[in-house]
1. Need one number: % antiparallel among DSSP beta bridges in region 2-308, to the nearest 5.
2. Between Ser290 and Ala120, 0.36 nm times their residue separation minus their Cα-Cα distance comes to what?
3. Quote the FRET efficiency, to the nearest 0.05, computed for Gln131 versus Asp49 with a Förster distance R0 of 25 Å and r equal to the Cβ-Cβ distance.
4. Kirkwood hydrodynamic radius (Cα pairs, Å) of region 236-282?
5. From zero outward in steps of 10 Å, how is the percent of C-alpha pairs of region 107-234 spread across the bins?
6. In nm, give the distance between the simple-model label positions of Thr413 and Ala394, each being 7 Å from the Cα along the Cα-to-Cβ direction.
7. Once the Cβ-Cβ distance between Ser59 and Gln156 is put in as r, and R0 is 25 Å, what FRET efficiency do you end up with, to the nearest 0.05?
8. Would you please give the FRET efficiency between Asp149 and Asp373, computed as 1/(1 + (r/R0)^6) with r the Cβ-Cβ distance and R0 = 45 Å, to the nearest 0.05?
Amino acid sequence: MRGRAIFLAAMLLATTALAGAHAQQPDIVQEHIYHTHAQLTIDVNAWADDHPDIVDLTSAGETVLGRALHVVRISDWSVDTKPDGTAKEVVYIDGGHHGNEHLGTALAFLVAEHYIEGWAEGDEAVVQVLQTTELHILIMLNADGNDMDTRWNVRQVDLNRNYDHHWNEHDETQPGSGPFSEPETTANGIYMREVVPNADLYVTMHTGVWIMLYPWGIIPDQPVDWELFHYIRDVVHDGISDIPIQNANQGLYPNSGTSRDYGYGVMGFPTFTFETDDEQWLPGTAEPLSSRLGEELDVMEYLIENVWYWRARLEVTNVVVEDDVRLEVRNLGHATTANASLEYIDGDGMVAWASPMFTVNASSSASPTFAFDRGVLTGGGSWNLNYQKRVIDAAQWVNESVPSEVVDLRPSTDGAALPIGTAPLLVASLIAAVAVEAKRRGIDLCGEDGEH
Ligand SMILES: [Zn+2]
């Protein structure tokens, strides 16, 4: 049966070649034949030509033998931001670190295809994702190894042991001559640091034991952001897939210098190694790839659609400024932040006061009170929250403004008047509060709940 599928696919491949080199590979072939780099090049260029509104094709660099590291960037490029004006979410995916793990590379390809074809078909969930999110997918990192059907790159290095994170501490097989000694890993590291440092999800795709692995590989300890990883594990198991989800060190084996540990430990991304099952061989599959990988695609859709939640998301519900500052803040995200602070920004834009650091647990709230020096209050001041998106040291810091309408600036209890220049701010915030209340009621009357 397998042989017949290969024969059929080979016939179709021959027909395609006659039909012209510019055409994208027909689905029937794509469903059974793993990509060579040449075929991938044809397919990603066809995507870019046919869907310029959502596909922006670029290259992260080249392999040792000069093959382009195609990155398919998919989003609604007609808009720079989300409809509410905030920055789009960023998701980073790579495939093909190991050139003989074709099913993992196929999963990276199919994720891209799902969003491109879904957009063309007007799939509502896909449109929603692409209007709010950028997907960056480097489908085939070890393109030289892919075409030779070997794990290693052409210099016989295991690319997934070559990253600059505790490089070779576990005495790995063929980790390279030093961290980032290979052009493929160097290019991937640069892409992470320079193009997608804001990503709130990184998934690196492999083939092996059917499992999803979160950090760490280097040590057996649970990562400090364990709540986030366990939350995702529990939701996936609750209704999407029974795929085992574990920390890599215990779920598979200890390893060092992997892109997963680099993505989390150096970049601060929530990172998963997605291992499809163990079909490693070229050139064909009996079962269509998209049905074979249907469950894996469901998991990826869940991770992508919910990327907004994969960090701390602090929302201030109330700030009372009196003799002290009393803050009420909730965390809408599923990651904890351990070092948040409230800042008062004076009229010159300088941080005039900052609270001590405080923690807001994942999906929870906090109500800290801070001693305050009212002398810092000036006209035209504002309040910001400064915090890390996750607990891991490498996590990105964000600085987000606190809406003036939730700030309740009161006179001090000893009867002293507000400092000169702050009264207009108070009036302004009262007016804003009324406006917000009216707007909120309007939304309530419509029965809408747009909060994401
Ligand atoms: Zn692998």
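Bear in mind these aren't lab numbers, they're just calculated from the coordinates by the rules spelled out. Just so we're clear, the structure is a prediction, and the values are computed from it rather than from any experiment. Here the Cβ is made from the backbone with ideal geometry for all residues, glycine too, and neighbour counts use every protein chain on show.
1. If I count the DSSP bridges inside region 2-308, around 45 percent turn out antiparallel.
2. So the extension gain works out to 59.4 nm.
3. Calculated transfer efficiency: 0.65.
4. Taking every pair of different Cα atoms in region 236-282, averaging 1/r and inverting gives 12.6 Å.
5. Cα pair-distance distribution for region 107-234, in percent: 10, 31, 38, 17, 3.
6. With each label placed 7 Å out from Cα toward Cβ, I get 4.7 nm.
7. Efficiency for this residue pair is about 0.55.
8. For R0 = 45 Å, the calculated efficiency reads 0.10.
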